[in-house]
1. Is it the case that region 193-201 has a residue that's open to solvent by less than 60 Å² (accessible area, probe 1.4 Å) and not in a helix (DSSP H, G or I)?
2. Among all residue pairs at least 6 apart or on different chains, which show Cβ distances below 7 Å where the first residue, located in region 278-290, is closer than 15 Å to residue 329 by Cβ and the second is in a helix (DSSP H, G or I) and open to solvent by 70 Å² or more (accessible area, probe 1.4 Å)?
3. With respect to the numbered conditions (1) under 30 Å from residue 409 (Cβ atoms); (2) modelled with pLDDT of 95 or more, which one is the sole condition not fulfilled by residue 195?
4. Does region 222-232 contain at least one residue that is open to solvent by less than 10 Å² (accessible area, probe 1.4 Å), of a type in the set (A, V, I, L, M, F, W, C) and in a helix (DSSP H, G or I)?
5. How many residues are in contact with a Ser or Thr (Cβ under 7 Å, 6 or more places away or on another chain) and not in a strand (DSSP E or B) when one looks only at region 268-282?
6. Of everything in region 37-76, what is out of contact with any Phe, Trp or Tyr (no Cβ under 7 Å at 6 or more places or on another chain), of a type in the set (Val, Ile, Thr) and outside any strand (DSSP E or B)? Give them in sequence order.
7. Among (1) of a type in the set (A, V, I, L, M); (2) open to solvent by 60 Å² or more (accessible area, probe 1.4 Å); (3) under 30 Å from the mean Cα position of the chain (by Cα), there is one condition residue 273 misses while meeting the rest; what is its number?
8. So which residues in region 300-356 are open to solvent by less than 50 Å² (accessible area, probe 1.4 Å), under 23 Å from residue 229 (Cα atoms), assigned to a helix (DSSP H, G or I) and touching a strand residue (DSSP E or B) at 6+ places or on another chain (Cβ under 7 Å)?
Amino acid sequence: MNTIPATLRTPHVSPRVRLAIESLLLQLRRRQLIGSHLVAERILDVMRMIVSSGKWGTVDVLIDLIKLVGGRCQLAQPTELCIGNTVRRLLAVIREECHQLVADNPAVLLETTSLAAPKAAATGTGATAASTAAATAAAVHAAAHHHGRGTAGRTGGGGANNGVGSVGGVFSLFPDADSEAPLDLSRIRSTNTKFLFVETVNEMIDELRSLHDSIAGQSLSHIHSNEIILTCGDSTTAATFFKYAAKKRTFSVIVVESAPSYAGRSLAATLAASGIDTTLIPDAAAFAVMSRVNKVVLSTHAVLANGGLVATAGAEMLAAAAKHYGVPVVVVAGLYKLTPRHPFDVDALTAPAAPAAVARYADDALVRDCEVIAPTADYVPPELVSLFITNEGAFPPSYIYRLLSESFHPDDLDLVPRAGAFDRAVAAVQRKGVPAPLPAASARASKASSTSTGKGMKGAVAAAVEEDSDSDEDEEENDENEA
């Protein structure tokens, strides 16, 4: 695995973009960004800045740069799996757009390879180089017609680090003759793709902002009149799902308190304010009322590769009780929560909270004589789930593997740049022994991040960048000299 020093500044970006990245990392480490939807949107905002103003020359450099930033963001908040999901999906879409671009205009490859033609002609291999470039363009042009089929016919990709497994292996038992030919992304320049990639990120942001409505629009097909539905936790997706169905259906919702966070109380108040018949019960009463329930609707923090899910604490108990009574369990989740991780280490996915929320330290006898565990999330195995409702439709748990192969590229499962991708930048760090200084920028980013949590990352970055505008030109000149 390629090792990138932690002291390496983000290369190929301007000081303004670098400051935005550092501000996002600070907010992730300090847990100032709460909620998968908000985190995913902030990640896409930063990626749009990298794509639009980054000083990357070819697409392969951009992919390495996105992997570098995405990997650091994931390390800053390991339990927020939507970070890696969003980055991997963006990389897959970038690869698909490159295939489509070459299919529409094969000369894009020839324009970049033509720079090597004089050197090849001098050595007597000009005709060979030209024929090789033409053959590559023709192969990619033929393969790009099938790029919409996803990556089902591919193998390879990342290993099993951090629970990430190979996605393409499940569908590679019978090779596909029409699978995509490999595309040399180093032959596609930024001048041909930068605007296209910015539009791609904008489309992903728009899709992220409208996914609640897309999921809610399917509620009438799953919620019927006079039904009793059980749910837990506090989720915007679930609340929107119920509110939309309440416009044309009359039903009742039983909300579990979800101790110790008691997030269910907030959801119950939201649904009651919308005119939905809502009942709030303690967690211990869930099994007692399950025999009267027609359906269990759960929201999720992440959908794992095996079809299981990571949901709020208490979700596994509801799913197990529903299986006992034969009640279907429906999960509402956007596809940005789909992750290639497997539940090899369940404890890492369900990190416990501080025990003070359950047992007060004033109770000396209780604290001294027992071990208090307060998990913030539960792992629900796929055999307890009946259906997933996403912004792209409804799927059974067994279809998750197919969704993974269509959403991610096998080469992007590990968010690690290629070996030697940033050798110059790494050598500069090792030469200096310390990270190249941002003139008081990181300190201002820290201050702006801590004092503007209500304003969001854009306000924090704008405030810090405004103070640092005088040093931007000098920083850009230093970056160009290092390159």
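The values are calculated or read from the model by the stated rules, or taken from the named source; none is laboratory data. Computed from a prediction, not measured in an experiment: that's the story for all the values here. Cβ placement follows ideal geometry from the backbone for every residue including glycine, while neighbour counts extend to all protein chains displayed. Only protein heavy atoms, including side chains, enter the accessible area calculation; ligands, DNA and RNA are left aside. Shrake-Rupley method; radii C 1.70, N 1.55, O 1.52, S 1.80 Å.
1. no
2. Listed by first residue and then by second, the contacts come to 286/317; 290/325.
3. Of (1) under 30 Å from residue 409 (Cβ atoms); (2) modelled with pLDDT of 95 or more, only one is false for residue 195: (2).
4. No, there is no match, as no residue in region 222-232 is open to solvent by less than 10 Å² (accessible area, probe 1.4 Å), of a type in the set (A, V, I, L, M, F, W, C) and in a helix (DSSP H, G or I).
5. Selection size over region 268-282: 3.
6. Hits for region 37-76 are 39, 43, 46, 50, 59, 61, 63, 66, 69.
7. Answer for residue 273: the failing condition is (3).
8. Those that are open to solvent by less than 50 Å² (accessible area, probe 1.4 Å), under 23 Å from residue 229 (Cα atoms), assigned to a helix (DSSP H, G or I) and touching a strand residue (DSSP E or B) at 6+ places or on another chain (Cβ under 7 Å): 315, 318, 319, 322.
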